[in-house]
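We did not get these values from a lab; they are worked out from the coordinates using the rules stated. A quick note: this is a predicted structure, and the numbers were derived from the prediction, not measured. Because the Cβ atoms are built from the backbone with ideal geometry, glycine has one as well, and the counts that use them run over all protein chains shown.
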Amino acid sequence: MKQTVSEKLFNVFNCTFFVLLGLTTLLPFINLIAKSFSSESAVISGKVNLLPIGFQTGTYLYVLQNDMFLNALKTSVILAIVGTAVGLFVTTLTAYPLSRIQLRGRKWILLLFIFTMLFSGGLIPTYLLMQALGLINELPVLFLPAAINVFNMLIIKNYFEELPDGLEESAKLDGASNVRILFSIVLPLSLPVLATIALFFAVAFWNDYFTAMIYITDQELKPLQLFLKELLVASSGEFLKDNVDAALNTTPQSIQAASILLATLPILFVYPFLQKYFVKGVLVGSVKG
Amino acid sequence: MKSETASPPGTTPATPIKRGFFAKLAADIRRDWDLYALLIPGLSLLLLFKYAPMYGITIAFKDFNIFDGYAASPWVGWKHFAKLFSAPDFLHVFENTVIISFLKIGILFPLPIIIALMLNELRLMLFKRVVQTVIYLPHFLSWVIVSGLFIDLLSSNGGLVNKALSSLGMEPISFFLDNSVFRGVLITSAGWKETGWSTIVYLAAFATIDPGLYEAAKIDGAGRMRQLWHITLPGIAPIILLMFILRLGNILEAGTEQILVMYNPTVYKVADVIGTYVYRMGIGNQDYSFTTAVGVFESIIAFTLVIAGNALSRKYLQRGIW
C-alpha cells in the first residue's frame, strides 16, 4: 500500500522513539555491568560509561565468596522454592472446590476471599498477630501469609471452570472421589496454568523485601533483596568492612553493582517464560477480576 | 456452563421438598466431604492471616500496650482518630501522599495509553516484539534493584545523568538529597519500571476492535490519524475508564515499597507518605494504636473509592470490576 509523506515521516519518528525508549530501559543495566567489571581507579574517578575500563572480574569473585551474600542468597533460594511449592499447593486446593458449582455456599466463600483484596486489617494489626503467633524471625512468616493468594486462586479457578465436564463425570460414575479426580484428571490437564502461577509465586517471593524488612531482624535469615537494600542504604556496612580497597582492585560502588546484577540474573533466566505466561495471566486477571 | 452433577450411584436423588440451607449443606458435606475438606488449608490461612488482623483493628479504639494484650487494654473511643486529624505530622504526610499520587496518576496514567497507541502503529512485527520484550522487563525487577539502578544512574560521582548535565555546562544535582527534585525521581523511576508493562491491557483492547471498522474507514479515505481518533480511541475508552477507576482506589497508596527503598531523612519533607509513616511510627516507634488508626483510615478510603468507582462504572459503562 502506498504511504503518504506524512505517514512516512511518522513511521520514522515512531521507530526512532521506540529505539530511544528501548535504550532508556537498557542503559542503566549496561552502565551497571560496565561498573561491575571496571577497575577501582576508573570507577572512583567516575570515568565509566557504557564499557568497562580496566577490565577485572575480582568484584564478582569477592561477592560470590562473601558469606553474607551467600547466606542471603541461600535464604532467597529456599524461600522461592518452599514458598512456591506451598503457595501453589494451597492455592490450587482452594481453587478446585470453588470452581465446582455443586459446592453449596460457593458464592459466600468466594466473597470471603475476594473481600480481602479490597479491605485489610493493615500493617500494624498484622504485625502484632505475627508477634503473637511467634513468627517474628521465623522463615514461615515470609511465605505462609502469602501462600493463599486470592488473585492467583481466581486465575486457577477460572481455568478449572473452562475444562470440559465429560471426563470428570465419567470418573465420578466409576466411583472416583473428588480428590482423586482433582489429582489424576484435572491437574494433569492444567499444567499450563499451574506453571504460570508457579512463576507468579516464585518471582513474587524472589522480589519481596518488604515482608522481610518488617518481620526479620536476624541477620542469618535476611533474604537477598533485604540484604541488597541495606547494602544500598549504607554502602559502608559490614559487607564491605573486610578491607575491600586494600586487597582488591574494586570499590563499594562496583560491589553494589555486581550484587544487584547477580540478584537480577535469575529473573533474566526465567524472563522468556515470564513474558509468555504473565501476559496471559494479566489478561485473565484484568478481564475476569 | 456446568450442569448440576448427578447424584452418585447409591444415594437417593435430592428430594424436591424444601429444606433449610444448613440441612442441605450438611447433606452435601456428607456426600462430597472431600471436596469441602480441600478448602480447609486455604480457608484457615485466610481466616488466620487476613481476618484475624481485621479483629486487631479494635486496638485503634484502645490504648494498646503489648503487656495488657487486646482484651485488657483500655478503650479510648475515637481518641486516636481525633489525633489523626489534628496532628500536623499526619496532615503533612497525607498531603505528600496525595501530591505524589496525583503526580503519578497525572503523568503515568496517560503514558502507557500513548505508548500503546504508538506501538500499535509499528508495522514491523519483529521490531515491535523486540521493543515489547525490552520495555516489559523492568516490571519483573524488585524495587530494591530499580532503586539500585537509579542511585547509580543519578549519582553525583560518575552517574550518567550528572555527566550529561555537566557536559551541557550545568551544575550536578544530588537527586536523592534534593527536596525540589526527589519527587521527580520517584515518578520517573516508577514510570521506568511500570509504563511498558501497563501497555499490555491497552494492546489487548486493540485486538477486540472490529477490523471491519478500519476497512470501512480506509474506503472512506480516512488516514491513520483519523482512524486512531475515531476508531481506536473510542474502542478502548471503556478499558481506559476501568483502569482509571482501579487506579483511583489506590490513591492513598503512593508507592510505599518504592519510597521505603529510595527515601532518606533528608527528603522526608517531600516523600514521607502514609505507608512509610505507618511503618516508621508503628514498627519503629511502637505507637501501635495510633498507627492502626492511620491504617484503618487508609483502608476505609480505599475501600469506599473502589466500591463507589465500581458502582459508577456499572451505571455509566454497564460494566464493573465484579
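A Förster radius of 30 Å, combined with the Cβ-Cβ distance separating B:His92 from A:Met117, puts the computed FRET efficiency at roughly 0.50. Across the options B:Leu177, B:Leu137, B:Gly191, the greatest Cα extent toward the positive end of the charge dipole of the stretch B:119-249 (unit charges at beta carbon of Lys, Arg, Asp, Glu) belongs to B:Leu137. If Lys and Arg each add +1 and Asp and Glu each add -1, what is the summed charge of the other residues whose beta carbon sits under 14 Å from the beta carbon of A:Pro125? Once all neighbours under 14 Å are counted, the net charge is 0.
Per-residue mean of foreign Cβ neighbours for A:20-31 is 5 (Cβ atoms of other chains, 10 Å radius). Every Cα-Cα pair in the protein assembly as shown was counted, and those over 42 Å apart are 32% of them. Amide H contacts of B:Lys62: B:Val76, each under 5 Å away and 5 or more positions distant or on a separate chain (H built 1.01 Å from N in the peptide plane; Pro and chain starts excluded).
Computed over chain B, relative contact order equals 23 percent, with contacts defined as Cα pairs under 8 Å that lie 6+ residues apart.
Three semi-axes describe the equivalent ellipsoid of chain A; taken as square roots of 5 times the Cα gyration tensor eigenvalues and ordered largest first, they are 43, 30, 17 Å. Taking 7 Å steps out from each Cα toward its Cβ at B:Val130 and A:Lys107 produces label points 5.4 nm apart. The mean sequence distance of close C-alpha pairs (under 8 Å, at least 6 residues apart), as a share of the length of the stretch A:57-288, puts its relative contact order at 34 percent. Full extension of the segment from A:Phe13 to A:Asp174, taken as 0.36 nm per residue of separation minus the current Cα-Cα distance, would add 51.5 nm. Comparing B:Trp197, B:Trp75, B:Trp143 in a Gaussian network model of chain B, where Cα atoms under 10 Å apart are tied by springs, the biggest mean-square fluctuation is seen for B:Trp75.
Charged side chains reduced to their Cβ positions (Lys and Arg at +1, Asp and Glu at -1) give the stretch B:224-322 a dipole of some 680 debye around its Cα centre. Rg/Rh for the stretch A:24-170 (Cα atoms only, Rh after Kirkwood) is 1.19. Just checking the listed ones, A:Leu265, A:Leu118, A:Leu189: in the Gaussian network model of chain A with Cα springs under 10 Å, the one fluctuating most is A:Leu118. Computed over the stretch B:35-194, the P(r) curve from all C-alpha pair distances, binned at 5 Å from the origin, holds 1, 7, 9, 10, 11, 11, 12, 12, 10, 8, 5, 3, 2, 0, 0 percent per bin. Per-residue shielding of A:125-134, expressed as the average number of other chain Cβ atoms within 10 Å of the residue Cβ, stands at 6. A simple rule links phi to the HN-Hα coupling: the Karplus curve 6.51 cos²θ - 1.76 cosθ + 1.60 with θ = phi - 60°, which for the stretch B:292-301 gives 5, 4, 4, x, 4, 3, 5, 4, 5, 5 Hz, with x for Gly and Pro. Loop-located chymotrypsin sites (Phe, Trp or Tyr not before Pro) across the stretch A:47-107 with a Cβ neighbour count of 16 or fewer within 10 Å are A:Phe55, with loop assigned by DSSP. Each of B:Ala311 and B:Asn157 was given a label point 7 Å from its Cα along the Cα-to-Cβ line. The distance between the two points is 5.7 nm.
Once the convex hull of all Cα atoms in the stretch B:23-72 is built, its volume per residue stands at 118 Å³.
Compute the distance from the alpha-carbon center of the stretch B:98-150 to that of the stretch A:48-90, in whole Å. Using only Cα atoms, the two centres lie 26 Å from each other. Using 0.36 nm per residue and subtracting the Cα-Cα separation, the extra length available between B:Arg30 and B:Leu103 on full extension is 20.7 nm.
Rounded to the nearest 20, the Cβ-based charge dipole of chain A about its Cα centre (Lys and Arg +1, Asp and Glu -1) stands at 880 debye. When chain B is treated as a Gaussian network with alpha carbon springs shorter than 10 Å, the biggest mean-square fluctuation among B:Gln227, B:Gln286, B:Gln258 belongs to B:Gln227. When only alpha carbons are used to place a centre, the stretch B:43-81 and the stretch A:96-146 end up 17 Å from one another. Each other residue within a Cβ distance under 11 Å of A:Tyr209 adds +1 if Lys or Arg and -1 if Asp or Glu, for a net charge of -1. One equal scatterer on each Cα of the stretch B:147-218, no solvent, Debye formula: the resulting log10 I(q)/I(0) at q = 0.19, 0.24 Å⁻¹ is -0.81, -1.08. Assuming charge only on the beta carbon of Lys and Arg (+1) and of Asp and Glu (-1), the dipole of the stretch B:23-72 about its Cα centre is about 160 debye to the nearest 20. Exposed loop sites are taken as trypsin sites (Lys or Arg not before Pro) in a DSSP loop (any state but H, G, I, E or B) with at most 16 other beta carbon atoms within 10 Å; the longest stretch of chain B without one runs B:124-318.
Couplings 3J(HN,Hα) for the stretch A:189-196, derived from phi with the Karplus relation 6.51 cos²θ - 1.76 cosθ + 1.60 (θ = phi - 60°), are 7, 10, 3, x, 6, 5, 5, 4 Hz, where x marks Gly and Pro. Computed 3J(HN,Hα) for the stretch B:37-51, one whole-Hz value per residue from the Karplus formula 6.51 cos²θ - 1.76 cosθ + 1.60 where θ = phi - 60°, is 5, 4, 6, 4, x, x, 5, 5, 4, 5, 5, 5, 8, 10, 8, glycine and proline marked x.
Peptide B:148-157 shows a mean partner chain C-beta count of 5 within 10 Å per residue C-beta. All alpha carbon pair distances within the stretch B:85-317 were sorted into 5 Å bins beginning at 0; the resulting P(r) in whole percents reads 1, 6, 11, 13, 15, 15, 13, 10, 8, 5, 3, 1, 0, 0. Kindly state, to the nearest 0.05, the FRET efficiency for B:Asn179 paired with B:Ile240, given R0 = 22 Å and r defined as their beta-carbon distance. Given R0 = 22 Å and the Cβ-Cβ separation, E is 0.05.
As a check on your grasp of the helix formula, calculate [θ] at 222 nm for chain A: sum -39500 (n - 2.57) over DSSP H runs of n ≥ 4, divide by the residue count, round to the nearest 500. -23000 deg cm²/dmol, from helical runs alone.
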